[in-house]
Amino acid sequence: MYSSTGTVPWVPTLAVQQISDGQAQAIVYTETFCTTSGTQTLSSTTTGTTVITFESPSSSKETSTSFSSSFSSFSSDASPTLSATAASSSDQASLTTSDDASSASSTSGTASSASSSVQSTSTSISAGSSNATGLPSSALASPVPASLSGITTTSTPTSTTTRTLSVTTTQANSISSVPDSSLTSLTTSEVQSATISISLTGTTGTVHTSLETNGNPSVLPFPTSITTATSTLSLVQTSTLVSVGPTATASISTIEASNIFVAIATDAPPSQISSTAAHPVPTLGIQQQEERLQTNKFYANFFLGSQTAGTWTHPYSVAWSKGGGQTSSWGLAISHIERSQLAGQGSREPSKDAGDVGFFAAPVGIQSLVLSAAELGSSTVLTTDSQTSFSINVNLGPSGTSSPVITFPLVQGMAFVTASYDNGTPMLQSGVGILDLTYVGAVVADTTYKYQATLLDGFEWLMYVTPASPNYNENSFTVLNNGEVQGPSGFSGHIQLAKIPANSADAESVYDASAGAYPTTASISGAVSGISGSYTITWTKAGATNQQLLMFALPHHMDTLSSATSSGVTDVQLITTTKGMATAIRGDYWTLVEPNLPIDMGFAPWSPETGSVVSVSDAAEDAINAAGYVELSQDVSQQTNVGSLYYDGKALAKFATIIYTINDIAGNTSLALTGLVKLEEAFALHVNNEMSIPLLYESIWGGAVSSGSYISGDSGEDFGNTYYNDHHFHFGYFVYAASVIGYMRPAWLEEGTNRAWVNMLVRDYANSITDDEYFPFQRMFDWYHGHSWAHGLIETADGKDQESSSEDTMASYAMKMWGHISGDENMEARGNLMLSVQARSLQKYYLYTDDNTVEPAEFIGNKVAGILFENKIDHTTYFGAEPEYIQGIHMLPQMPCSTLTRSRAFVEEEWDAYFGPNGIKPVEQVSGGWRGILMANLATIDPVTSYNFFSNAAGDFTSDYLDGGASQTWYLAWSAALGGSSDPSKAKRQAMSKRSGAPRRNEEVRLLGNDRGFIGQRSTRGSTRSSRLRQRTRA
């Protein structure tokens, strides 16, 4: 790469002509170089000839990929190919200096960018390392990446170059740039081509094929052993309980909420939660702001670790170059990956992958274009400000300066990558290589000016320049070499980049109509009426505010656009890394409508086809009662205090589900309230913060976190909870359990700090307002992507990720139910809307039916994502690669919301591929708690087989098939309610007699089950034994 520590103009003396289709042209250029800066002199004369042939793609020619292990069938867009015969130069260089030879390329301060460039140049034009032609071997390297099979290059020695470099001082200039007086002034449509080539060797990027395990412990998502109870259980006298029995209905038919984003609460966390002003992760480069900092949003890599890992705005990704990469730039690198560049071919493992590949990943590190400034060098620092749920500002400038040289307002879905300059010298750089740059003209009179750059990979990008000064020389950008373009010094204003898709005839006109305008942030509003909900994303606009914004929508957005928003849809589309095709929409806001919210979903088994089901057969009721008695005899306090918020929450939710099921489905209030007493005691331990590893409120990032990592120093403690991993998973179970307690005994809600403690958890993972003093807005859920991100404050090369889609929806379901039980109708409405959005999103990006066209066809056979990253999808888990792990983590817990996201068609296809008789691992080969998870999931499509399994019809069920968060009680009710019990359904009992909480006789009941805790085999003639048992336990 050519650059200089002085002021070095490279200007071709012969203008380069444009090339027609199929035409070959020989371009002869002569360059004379001579400059003096202080006592440093560098002179050179170069004559070269390049023959270039342009060939349009034909329909019969298959476009090759630019990544060595990419999917050949991923290539869907034909790109133009170039055949270039490039002249090479032989160089003779002499270097004299008062110190040593290396001083010629040494730099200081902000000039280290030039240092890297000079070193690269000296490598490619070194006088040594000749080959048979007599030329330096580097001179034979093509400026076109060899990995692009559509480009072929041959070189002939047709020019010579003599360069003499005399240096008498090692002092380098602080800015590596060309003076404005030497910049080329082009007329409209005149083409400026690179006359100096750089060696491009890293244009294929890198792919991370292994998981980054930091903060992600490799342990199962549930305890593997549960102590089986053998003691008797004494039923409580219900008359001694306060406010016994539900007073709220468990389901609802309509909701009215005109503004669902109102405060849950605004007070400080309860006093029993200790506060600390320390956190293991520093707020690196983050400028002070009023709104609470975000921990799990798309841009977190900018303030974590090295600050150089990528950020995905979709369809683009950006990353701070930090002096590295092909360009050695200090600016912000922009990349867009075509599907033909994806890696993953040959990654299928037959023991776990039903798809053709086991993962696919986009390469990282490709610097298609870099927006930088000559003022940026080794002293550059990156800071961020104005964090919101949708956006952030990234600032670059020399250390110690009061204001940045460049600010990048990054917003999800932005159609342009925008750089706002403050008195800087713009530099447009490329690690792929710039073939030519054309000044097109003004698109907004006297406001915004358009350029078009063709890269050596065949793709074209548009650059729009909107200066702050009316005296801007609109054509003052010069191609220095095929890796660098320089703009005028002292520039203030903004520069925008956008890639032209290969499949759009009018992309330029669409971009032109919005050029100059850019979003700086976004806000969200929402409402629910009846069974319909909507949300509106509104962007704050800057720049040429008379222009309409252009934003990219993801596939799940496109299904729900309002009619007004649909009118702005264009045919401009760019592929994203993991979310399919993004479509550009004109408009300053979008309104999206979900027409069928699951508002009738309560605690009972539910499906879209049946709604809530609270009536099951006599035999099922008997089985539920017997199993519930056994499971409520377990040590609740021991299972719910194991030193892990995740495991504790799962256990509390398990017992809450048992209690609800026994009360509402089996009609055994006395047994249910007996269990409720134990559950309340276990829950109080957590509310009072007396568990073995208590919660802390930390005020640096603003959240309730486990004290585990503070104690151990291990970022992976309790699945990384201290680092904000998985908060919705962990806290969602607590919120669900609290909802059941509040349903069963409403007075509990107002006792002590119960309500405040649960609200604190909801505010931590799903806060509803942006100005909460203690918690950020929607820490986990991403309203742009339609699902949550589980990954917290740990740098990761492939962006944010999430493993369990089912626990994601469980957290929203728990919030919905807590809103209903606690009387927060806005929270309930918001939870319903989130569930609908999640169902739509997950069915496109996580859970794949055969007709899925969003993800690559080679991958959808796997049926689930495994782990969904922003840059790759890996069909595996952090804790193992068994099929039941990978598929099962998207099943657990089986709750009423499971059938909303996991359609019958999907479950059937997945079962056949993996766990059916001809699947990769038939269910009979699966052991432990995973067996129970799979069989409960089977109830969606085959409830009879599922029910027979859990009712021990074959005599082979044991409690070993239940994980630490599951119960036989619920699985029996779940499968029976979905149609698994063959006995005739009973008439629904009168609600008042069932739920009145009338006192029942306190009677000790002893079950004589085996040591596995099973209740006994169901009789095919009807269970008289179970009927007698039911009579005894319902006295």
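Quick notes
- Gap separating the Cα centres of the range 379-409 and the range 294-365, nearest whole Å: 21
- Estimated FRET transfer efficiency when R0 is 30 angstrom, pair THR945-ALA881 (beta carbons, to 0.05): 0.65
- Calculated FRET value between ALA564 and ALA954, using beta carbons and R₀ = 60 Å, to 0.05: 0.55
- Protein accessible area in the range 424-531, 1.4 Å probe - carbon and sulfur %: 49
- For the range 286-390, GluC sites (Glu not before Pro) are listed when DSSP marks them as loop and at most 13 other Cβ atoms sit within 10 Å of their Cβ; the list is GLU290.
- From most to least packed by mean Cβ count within 10 Å, the peptides 633-644, 477-488, 266-277, 579-590 give 477-488, 579-590, 633-644, 266-277.
- Radius of gyration and Dmax over the Cα atoms of the range 804-952, both given in Å: 15.8, 49
- Here the accessible area is traced with a 1.4 Å probe on the protein chains. For the range 750-797, carbon and sulfur cover 47 percent of it.
- If R0 is 30 Å, the Cβ-Cβ spacing of ILE700 and ASN423 corresponds to a FRET efficiency of close to 0.35.
- Counting every C-alpha pair in the range 324-476, the share spaced more than 20 angstrom apart comes to 60%.
- Spin-label proximity, GLU291 to the range 760-800 - amide N less than 12 Å from point 7 Å beyond Cα toward beta carbon: 769-772, 776-779
- Heavy-atom accessible area per residue - the range 823-882, 1.4 Å, Å²: 21
- Computed with a 1.4 Å probe over protein heavy atoms only, the accessible surface of the range 402-510 comes to 25 Å² per residue.
- Distance (nanometres) between label positions extended 7 Å along Cα→Cβ at SER615 and THR545: 6.2
- Put simply, when 594-604, 556-566 are sorted by average Cβ atoms within 10 angstrom per residue, most first, you get 594-604, 556-566.
- Spin-label pair SER532/SER306, simplified geometry with 7 Å Cα→Cβ offset, distance in nm: 5.1
- The range 927-943 versus the range 539-569: alpha-carbon centroid distance in Å: 43
- Counting all C-alpha pairs of the range 271-407, share separated by more than 26 Å (%): 38
- Entries of LYS872/LYS921; LYS352/LYS863; LYS297/LYS872 with Cα pairs more than 22 Å apart: LYS872/LYS921
- Taking only protein heavy atoms and a 1.4 Å probe, the accessible area of the range 584-706 is 51% carbon and sulfur.
- Rg of the Cα atoms in the range 246-341, relative to 2.2 N^0.38 Å, amounts to 1.73.
- With Cα atoms as the point set, the radius of gyration and Dmax of the range 517-669 evaluate to 24.2, 70 Å.
- The gain in end-to-end length when the GLN638 to GLU681 segment is fully stretched comes to 14.3 nm, 0.36 nm per residue minus the alpha carbon separation.
- Global form of the range 789-838, assessed from the alpha-carbon gyration tensor, a/c cut-off 1.5: prolate
- Label-to-label distance, nm, for residues given as THR770 and THR283 (7 Å Cα→Cβ offset): 1.8
- Sum of side-chain charges, ALA445 neighbourhood, beta-carbon under 13 Å (Lys, Arg +1; Asp, Glu -1): -2
- For the pair the range 587-632 / the range 484-522, the C-alpha centres are spaced 49 Å from each other.
- Global geometry of the range 452-516, whether rounded, prolate or oblate, following the gyration tensor of its Cα atoms and the 1.5 cut on a/c: oblate
The values are calculated or read from the model by the stated rules, or taken from the named source; none is laboratory data. Since this is a predicted model, take the numbers as computed values, not measurements. Neighbour counts run over all protein chains shown; Cβ positions are idealised from the backbone, glycine included. With ligands, DNA and RNA removed, areas are computed over all heavy atoms of the protein, side chains included. Shrake-Rupley method; radii C 1.70, N 1.55, O 1.52, S 1.80 Å.
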